[in-house]
1. What does the charge add up to near Pro241, with Lys and Arg as +1, Asp and Glu as -1, over the other residues with Cβ less than 11 Å from its Cβ?
2. Report, in listed order, any pair from Lys22/Lys77; Lys81/Lys275; Lys183/Lys289 with a Cα-Cα distance greater than 24 Å.
3. With r as the distance between the Cβ atoms of Val237 and Lys72 and R0 = 22 Å, compute the FRET efficiency 1/(1 + (r/R0)^6) and round to 0.05.
4. Hey, can you rank 195-206, 314-325 by average C-beta count inside 10 Å, highest first?
5. Rounded to whole Hz and in sequence order, give me ³J(HN,Hα) for the stretch 237-253 from the Karplus expression 6.51 cos²θ - 1.76 cosθ + 1.60, θ = phi - 60°, writing x for Gly and Pro.
6. How much length would be gained if the chain were fully extended between Asp95 and Gln126, taking 0.36 nm per residue of separation minus their Cα-Cα distance, in nm to one decimal?
7. Mind checking the per residue accessible area of the stretch 300-392 for me, 1.4 Å probe, whole number of Å²?
8. Averaged per residue, what accessible area in Å² does the stretch 110-237 show with a 1.4 Å probe, protein chains only?
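The values are calculated or read from the model by the stated rules, or taken from the named source; none is laboratory data. A quick note: this is a predicted structure, and the numbers were derived from the prediction, not measured. In this analysis, Cβ positions are derived from the backbone assuming ideal geometry, glycine residues included, and neighbour counts consider all displayed protein chains. Note: accessible area is taken over every heavy atom of the protein model, side chains too, but ligands, DNA and RNA are not part of it. Shrake-Rupley method; radii C 1.70, N 1.55, O 1.52, S 1.80 Å.
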Amino acid sequence: MSKLNARHVFTSESVSEGHPDKVADAISDAVLDACLALDDRARVACETACGTNLVVNLGEITCRNFETLNTKAIASKVIEKIGYDDPSEGFCYQDFAYVNNLHAQSPDINQGVDRADPENQGAGDQGMMFGYATNETEAYLPVSVMASHRILKDLATLRRSGAIDYLRPDAKAQVSVLYDAGKPQAITTVVCSHQTRDVVEARIQKDIEAAIRETLAPTGLLTNETIFHINPTGRFVIGGPAGDSGLTGRKIIVDTYGGVGSHGGGAFSGKDPSKVDRSAAYYARYAAKNIVAAGLASKCEIQVAYAIGVAAPMSINVSTYGTSTIAEEKIAEMLLSGKIFDFRPAALIRDLDLTHPNGWSYSECCNYGHFSHANAPWERLDRMDAIREYMK
């Protein structure tokens, strides 16, 4: 029996927008959003570190009128929106030390990216990126990671509305799913650790479990045997950057597919779309999702590889985990043809309009997985008919 079809339990996790690493991601992406608003050809590689009453920005940015941006004010607005509004907790939007060590991008890198002919724009770095899709959820994501995201997103809503008024922004969720014959059968275990004010533990466990059950009920995968671990270590009052430092780019598995499939190793946040670590991973997701939605496979993973300064990909590989209705070589041939999907950096940026966010923002899409936002351009299902026509 193949590993795909063997009976097994798979676990994925998510982290909330108040997790220290996600605070860092959101600040980096908010700086990116601000730069693109000034200059759609901005080159941005913005890193953020945060700790107790501290935010540090460092990295490389080349952007027209960048000197007009108040990056500390950008960070403050992000922190306020997340919900860190109590100075006694050790991290608050109203009062934090700030260090700005941003500088211009190296000309050695830039000479490999920009071209006189924009269509021949080179890749911003070498490396390989992966895109994945599965038809096991409406979002074309694995159940385990999608359920983890939804738990935390719903708890954030309850926090902001005051329905559970003692919740604070930092949290993690983890969902384990039993698979048989490649299909999800049941949720076996749910783990949730949520920062709170100083409240009786029994109340916290009761309220959060009830909220999680409501979130997961529509999956039909909860059973009488599902185990819940809510704040299993007990008290969780000190959290966020005051409880543990945060860095941009440390949650790459949360950001993608929860450990299902492969990962090229590159992080997303703080990078403009000339960096194929981000844009090509988005585009590979876009292609994989349309392939699955077109009925060519139940699962699809695409790997694309680049050389820095070179426009054409070094390779494109397709794996459908044995679920395809057509030869994988035919799917790869379609991707390599450039007739439906064009993986050159300038083309994929154009196709998804990644330098002109409209109705979405990089700083919003960095939370609860980069592939769980229906209004993001890489989540569109608009190439299915073209795919089916090609395969005739």
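1. Net charge around Pro241: -3.
2. Lys81/Lys275
3. Efficiency at R0 = 22 Å is approximately 0.20.
4. Per-residue mean Cβ counts within 10 Å order the peptides as 314-325, 195-206.
5. So the J values, rounded to whole Hz, are 9, 7, x, x, x, 6, x, 6, 5, x, 9, 4, x, 8, 10, 5, 7.
6. Fully extending the segment from Asp95 to Gln126 adds 7.2 nm.
7. Solvent-accessible surface per residue comes out at 43 Å².
8. On a per-residue basis, the stretch 110-237 sits at 46 Å².
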